[in-house]
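This report concerns only the one structure given below.
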Amino acid sequence: MKTKKMGTYKKMGLILLAGAAGGGLVGALLGAGMELYGSGIASGAGNVLSALQRVMLPLMIAIGAAGILAGESCIWKMKNIGEELAGAEDEACDRLEYEYEKAGAFGMKANIITQALCMLVLSTGYSMKYIGTEASRNGHFLLVCIIFILYFAYAGFWQARYVKCVQRVYPEKKGDPTSRKFQKEWLESCDEAERAMIYQSAYKSYMTANKTIPLLLVVAMLCHLFFDTGIMAVVLLAAVWIIVMLSYLNSCVKIRREKLG
């Protein structure tokens, strides 16, 4: 006996109703929680911020040191694997290329994550209200800013070194990392298999962003509603969502137009 499938519009309606009911329940629970514990949550958040402001300097030093250690170990490992690749047989070549790619990915992830963490740490005191206080002077905020700038300079040079390291092993890879056309030149120098991998990875990244950004947007809206965190986070996330969507859709139309000649 065949089972009748639910229609698309009916299913969508039920999903929207379930979402509205869930959102209402979450809002009610958060509202009740804020009535009972709102002052305690606000006080706790203030204490956490104050604690972070007091340890900004050691945190920034620790993150910068971790980033440099990860970056240098990655470059060292890539150079060693690159030397092995030069004289490797076909059977060992695939394994070494995987290890090379893995080492490079680890270094890039460490580079980006430590930069993001540095920005988060700096943001705990990056306001005119804090900079003019006695706590800012006692916390050596200027030194924190100097370390922040120096580490970002290192991160930028490290990325250029990473590209040059790859180009030494794969001289067919073209592009100057300081050029605005670097991504285009690099992609054009890749073979079909590498391009297919890049396209698949890019599409997965797009899908991840398309699922994550709306969720973060809702979180930002709820935080603004209950904690008065400001509308800027909502504006920026909405702008990023629009840019990602427009970029993908415009690219699809452009590729289709190019195929038509």
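The values are calculated or read from the model by the stated rules, or taken from the named source; none is laboratory data. This structure is a prediction, so every number in the text was calculated from the model and none was measured. All Cβ positions, glycine included, derive from the backbone under ideal geometry; neighbour counts span all protein chains shown. These accessible areas exclude ligands, DNA and RNA; they are computed on the full protein's heavy atoms, side chains included. Shrake-Rupley method; radii C 1.70, N 1.55, O 1.52, S 1.80 Å.
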Open item on the list: For the range 80-89, check the following and say yes or no: at least one residue is in a loop (DSSP other than H, G, I, E, B) and open to solvent by less than 40 Å² (accessible area, probe 1.4 Å).
Closed with: yes
TODO: Give the number of residues within the range 166-205 that are polar (S, T, N, Q) and open to solvent by less than 80 Å² (accessible area, probe 1.4 Å).
DONE: 5
Task: Members of the range 224-244 that are exposed (fewer than 13 other Cβ atoms within 10 Å of the Cβ) and not hydrophobic (A, V, I, L, M, F, W, C) - done: 228, 230
Open item on the list: Conditions first: (1) in contact with a Pro (Cβ under 7 Å, 6 or more places away or on another chain); (2) touching a residue at least 60 places away in the same chain (Cβ under 8 Å). Residue 159 passes all but one, so which condition is the exception?
Closed with: (2)
Task: Residue list for the range 47-86, restricted to those being of a type in the set (Val, Ile, Thr) and under 19 Å from residue 116 (Cβ atoms) - done: 48, 55, 61, 63, 68
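Here are some residues: 112, 63. Which one is within 21 Å of the chain's Cα centre (by Cα) and surrounded by fewer than 14 Cβ atoms within 10 Å (Cβ to Cβ)?
Checking each option against the conditions leaves just 112.
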TODO: Go through 212, 208 for me and flag whichever is open to solvent by 70 Å² or more (accessible area, probe 1.4 Å), under 21 Å from residue 113 (Cβ atoms) and under 20 Å from the mean Cα position of the chain (by Cα).
DONE: 208
Open item on the list: Quick check on the range 117-126. Is at least one of its residues over 30 Å from residue 237 (Cβ atoms), assigned to a loop (DSSP other than H, G, I, E, B) and in contact (Cβ under 8 Å) with a residue 24 or more places away in the chain?
Closed with: no
Open item on the list: Being within 25 Å of residue 223 (Cβ to Cβ) and at pLDDT below 85 is the requirement here; does residue 34 meet it?
Closed with: yes
Task: Test: residue in the range 234-244 that is outside any helix (DSSP H, G or I) and closer than 30 Å to residue 49 by Cα - done: no
Task: Near pairs, Cβ below 8 angstrom, 6+ apart or cross-chain, from the range 187-211 (within 15 Å of residue 255 (Cβ to Cβ) and in contact (Cβ under 8 Å) with a residue 12 or more places away in the chain) to any residue that is open to solvent by less than 100 Å² (accessible area, probe 1.4 Å) and part of a helix (DSSP H, G or I) - done: 206/244; 206/248
Open item on the list: Just to check your reading of the model, which residue among 107, 87, 64 is touching a residue at least 60 places away in the same chain (Cβ under 8 Å) and small (Gly, Ala, Ser)?
Closed with: 64
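Among the residues of the range 52-89, how many are basic (Lys, Arg) and more than 17 Å from residue 124 (Cα to Cα)?
So the answer is 2.
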- [ ] Would you be able to say whether some residue in the range 249-257 is in a helix (DSSP H, G or I), out of contact with any strand residue (DSSP E or B) (no Cβ under 7 Å at 6 or more places or on another chain) and either within 24 Å of residue 28 (Cα to Cα) or acidic (Asp, Glu) (or both)?
- [x] no
